[in-house]
Amino acid sequence: MDMSLTLTTDMALVLGLLVFTVLMLVLEWVRGDLVALLVIVVIGVTRLMPVEQLFDGFAGNAVMSLIAVMIMGAGLDRTGLLGKAASFILRLAGGVETRVSHLINAMVGSMSAIMQSQALATLFMPVVSRLSSRTGIPLKRLLLPMACCILAGTNITMISNSPLILLNDLVASANRNLPPGAQSIEPFPLFAITPVGIPLLLVGLAYFAFLTPRLWPSEEEKQKVTPGRTETYFAEMYGIDGEVMELTVTAESPLVGMSVVEAERLHGAPLILALKTGNEARLAPPADQMIWVGSVLGVLGKREEISEFANNQLCRTQSRLRNFGDMFNPTRAGISEVVIAPNSRWIKQLVGDLRLRKRFGISVLAVTRGDQVFREDVREVSLRPGDTLILHSLWRDLTLAAESRDFVVVTDFPQEEQRPSKIWHAVFFFSLAMGLGLFTDLKLAVAMLVGAVGMLLAGVLNMDEAYHAINWKTIFILACLIPLGGAMDSTGTAAWIAQEVMVYLGDLPQWVLQAFIAILALGFSQVISNVGAAVMMVPMAINIALASGGNPAAYALIVAISTSNTFLLPSANPVLLVVAGPGGYRARDFLRVGLPLTVLILVTTLVTVNLVFNRG
């Protein structure tokens, strides 16, 4: 490598553009995607790289791989796979809090190897909320460990986070501008970094296994919890107290032969939200549906009142939702608030006469009118314009009922259609994509697109849902910043920076240089996007490796991993940002948890990368 490089006009332009990009991303005066667009325009106008390569990022391996991974992640979610994961965790946990936490962390850490990290965090939020409500474990003790384990697990494959997906494109750009005689850097296969990623995930799991009780100590939190217990948010939001339990009707029970409405009119009767007779189970059973021996009722009420009613009616109680667990999954069903429209056909009609259970599968829990709240004899309430109804239903049924425009839904709820019948189609095509990426010489983008297109053809998703699943802002920023890395290589800017660094650090051992590069990349990723940090640092790291006689592949990988594992600030990583609000975390929580974990991950990264990729 020529160590007598001088700063040229083109290099100065690239450095100025680099500084401008960092400042804009830090100060957020301009949207990140607009900054990225401005970068690509300036590079094109100033011809800092060949114009024919300027838009390669939009069709690059990194962008197409990320699009395919986002589509496949949405397909897996649409089939209800994550809901089944929640039930699986509860069964394995056996009611022990530490097991619940460990199983969540292990599951999301493993799944993050094959799913895009931000999508996985978003998709698992309702799963963890469900587990929290059913076990009584505070969300604060579950969400941040989950997020950190997702980030640690993304280092197992090359498809889970943007810097690693981008890495091969940056390596290809660097290969085009290597000095004479330098050996080209081989691209990283799909599972090339698995020997590095697995130790990183194990470090994250061990860290939270030992330190979670010390990180969030609380006198009122118990180590033993009741699995399957549904402590709902009904009381806080709507003043409806209680939890969901199951009552099994015995042969001696007076309920045998009664209809649902007759049972609800009994003294002290809880709300009947679900009924299973034989193999048929449904939410919001019609008022005239009969109750027989062996029927299971899903009821809502205070535990002591439900127990008293069960004793009087000779029913067996069960707090674990064995029959209705999937039905009460918050991704499929829940509480909603709707307002009667002024032109509604329901005006002046009794709630009972609307037959909402039979027609739509919807239970009316309460009606509010100004300061009045009707919870008793809701069926006899005559509706008026502006009345608010508190409903419980499957989200799908609520969506269908809302098409009549007799009411307006004022509660956010998941409106996407679930397709549990397509679960094996989704698993097959996802496995096929992984297999093609691992066992064939297909480009990663092609292998991932095979899985995405297969899910679309099989009906796991339709095209509109696929478009919606893609985070276009992330894609746009990624595609527009790739040329910045190319310009650093093609103008010699990265080589010049490496030359200047070696003036001061050239006599230091390799591991010190690697630690310096890792800390620098980590610092940049705290103030700008991890993609931006990777674009800036990978070309520089490769040139420092060439100048110092190190392994360029190892240096590039250290940068990609360091920019991916940002545990210190929620603003530095979208995965942490997803859990910050729901978990009620403050900045000091992230620092207290993230600083020791960052050090552990950094040390583990340096050790494992050198063990796996050190060739000399």
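Does any residue of region 153-169 turn out to be part of a helix (DSSP H, G or I), free of Cβ contacts under 8 Å to residues at least 60 places away in the same chain and crowded, with 20+ Cβ neighbours inside 10 Å?
Taking every residue of region 153-169 in turn, at least one turns out to be part of a helix (DSSP H, G or I), free of Cβ contacts under 8 Å to residues at least 60 places away in the same chain and crowded, with 20+ Cβ neighbours inside 10 Å.
From Leu164, Leu131, grab the single residue that is modelled with pLDDT under 75 and of a type in the set (A, V, I, L, M, F, W, C).
The unique qualifying residue is Leu131.
Kindly provide the set of residues from region 315-366 that are of a type in the set (S, T, N, Q) and within 27 Å of Asn279 (Cβ to Cβ), ordered by number.
The answer is Thr317, Gln318, Ser319, Asn323, Asn329, Thr331, Ser363.
Checking Ser525 against (1) crowded, with 24+ Cβ neighbours inside 10 Å; (2) modelled with pLDDT of 85 or more: exactly one of these is not met. Which one?
Just one mismatch for Ser525, condition (2).
What do you reckon, is Leu568 of a type in the set (A, V, I, L, M), part of a loop (DSSP other than H, G, I, E, B) and modelled with pLDDT of 80 or more?
So Leu568 fits the description; yes.
For Val501, indicate whether it is more than 25 Å from Ile165 (Cβ to Cβ) and without any contact (Cβ under 8 Å) to a residue 40 or more places away in the chain.
no
How many of the residues making up region 452-475 are hydrophobic (A, V, I, L, M, F, W, C) and crowded, with 19+ Cβ neighbours inside 10 Å?
7
Taking into account only those residues within region 382-433 that are assigned to a loop (DSSP other than H, G, I, E, B) and of a type in the set (Lys, Arg), which is modelled with the highest pLDDT?
Among residues in region 382-433 that are assigned to a loop (DSSP other than H, G, I, E, B) and of a type in the set (Lys, Arg), the one modelled with the highest pLDDT is Arg384.
Go through region 43-60 and give me each residue that's assigned to a helix (DSSP H, G or I), modelled with pLDDT under 80 and crowded, with 21+ Cβ neighbours inside 10 Å.
Within region 43-60, Gly57 is the sole residue that qualifies.
So which residues in region 89-119 are within 30 Å of Ala452 (Cα to Cα), at pLDDT 75 or above and either in contact with a Cys (Cβ under 9 Å, 6 or more places away or on another chain) or not in a loop (DSSP other than H, G, I, E, B) (or both), if there are any at all?
Leu103, Ile104, Asn105, Ala106, Met107, Val108, Gly109, Ser110, Met111, Ser112, Ser117
State the number of residues belonging to region 501-519 that are within 17 Å of Leu597 (Cα to Cα) and either acidic (Asp, Glu) or surrounded by 14 or more Cβ atoms within 10 Å (Cβ to Cβ) (or both).
2
Any residue at all in region 527-547 that is hydroxyl-bearing (Ser, Thr, Tyr) and farther than 30 Å from Thr604 by Cβ?
Within region 527-547, not a single residue is hydroxyl-bearing (Ser, Thr, Tyr) and farther than 30 Å from Thr604 by Cβ.
Residues Leu576, Leu546, Leu557, Leu595: which one is surrounded by fewer than 20 Cβ atoms within 10 Å (Cβ to Cβ), in a helix (DSSP H, G or I) and among the hydrophobic types (A, V, I, L, M, F, W, C)?
Among Leu576, Leu546, Leu557, Leu595, only Leu595 is surrounded by fewer than 20 Cβ atoms within 10 Å (Cβ to Cβ), in a helix (DSSP H, G or I) and among the hydrophobic types (A, V, I, L, M, F, W, C).
The values are calculated or read from the model by the stated rules, or taken from the named source; none is laboratory data. Keep in mind that this is a model prediction, so the values were computed, not measured. Using ideal geometry, Cβ is built from the backbone for each residue, glycine included, and neighbour counts are taken over all protein chains shown.
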